[in-house]
Amino acid sequence: MKFSALIFDLDGVLVHTDKFHYLAWKSLAESLGITTFDEKVNERLKGVSRMTSLEIVLSLGKKEYSASEKQAFAETKNTLYREYLSKMTPDDVTNEVRGTLRFLKARGIKIGLGSVSKNAPYILERTDLEKYFDAVSDGNGLINSKPDPEVFLKAAERLAVSPKDSAVVEDAAAGIDAAIAGGFYAIAYNLQYAKANIQIKDFSLLKQII
Ligand code: BG6
Ligand code: MG
């Protein structure tokens, strides 16, 4: 066994909440008269915090906003995003993902979450994924978002494993950078990024990599 633990990103790896993030940001952008927000810009929002995402969206427009206006925009986006989340069910997790997590658990591999989302606990609860995790590290109480390794280092600490014995599974460039900065083996899932140690398109391939 190569790894003692696998640490997973959430949005875009275990569940496709990335599409809900996109729709909610798109709606906010349009309400502010920003028409150039598209899937390509959205790639830059992956793995970074809510406020950094907002700054990227606002940078497409010409207007300047106060800190309290920005706070209100972030809340508007999050309210819409959570409306999508509230409709999620365990069926939003594929059999491939669930089966792979079960397989890893049965092999004695520790499973951690490393997501900068403050909504991570709600998503895990909606989709009935909590039970697979030995440790959760999320955006609540986090100081630095990816590409800083903080979120993964906290997960490793909670799992009582060393980064060098652990792998991170990520769909965002910022997440791969964070994994490498933290000394983890970096697995890119559904992402072409040469800095990753390995790139996979098929989630169940994890069963062979470990
Ligand atoms: C990450 C997403 O998982 O969470 C980012 O990839 C998002 O796009 C970030 O900005 C923060 O999410 P939340 O749920 O706290 O707004
Ligand atoms: Mg992601």
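Quick look at the values:
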read-out	value
Per-residue [θ]222 nm for the chain (sum of -39500 (n - 2.57) over DSSP H runs n ≥ 4, rounded to 500)	-13000 deg cm²/dmol
Projected area averaged over orientations for the chain, convex hull of C-alpha atoms, nm²	11.0 nm²
Under Karplus coefficients 6.51, -1.76 and 1.60, residue-wise ³J(HN,Hα) of region 194-210 in Hz, glycine/proline x	4, 5, 5, 6, 8, 10, 10, 10, 10, 4, 5, 4, 4, 4, 8, 5, 5
Between 0 and 90°, nearest 10: helix 95-106 axis offset from the chain longest Cα axis	40 degrees
Other-chain or far-sequence residues with amide H under 5 Å of ILE200's (modelled H)	ALA188, TYR189, ASN190, LEU191
In degrees, nearest ten, helix 18-31 long axis to first principal axis of the chain (Cα)	10 degrees
Whole-Å semi-axes of the ellipsoid equivalent to region 1-84 (Cα gyration tensor, √5λ, descending)	28, 13, 13
Principal-axis tilt of helix 150-159 within the chain, Cα atoms, nearest 10 degrees	30 degrees
Integer Hz, Karplus 6.51/-1.76/1.60 couplings in order for region 114-127, x for Gly and Pro	x, 10, 7, 6, 6, 8, 3, x, 5, 5, 4, 5, 4, 9
Compactness of region 64-171 as Cα Rg over 2.2 N^0.38 Å, two decimals	1.23
Between region 12-29 and region 135-189, the alpha-carbon center distance in angstrom	21 Å
From phi via Karplus (6.51, -1.76, 1.60), per-residue ³J(HN,Hα) for region 58-68 in Hz, x at Gly/Pro	5, 5, 6, x, 9, 7, 9, 10, 6, 4, 6
Residues with amide H under 5 Å from that of LEU113, placed H, sequence gap 5 or more	PHE8, ALA135, VAL136, SER137
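Every number here is computed from the coordinates shown, using simple stated rules; none is lab data. All values derive from a computational prediction rather than experimental measurement.
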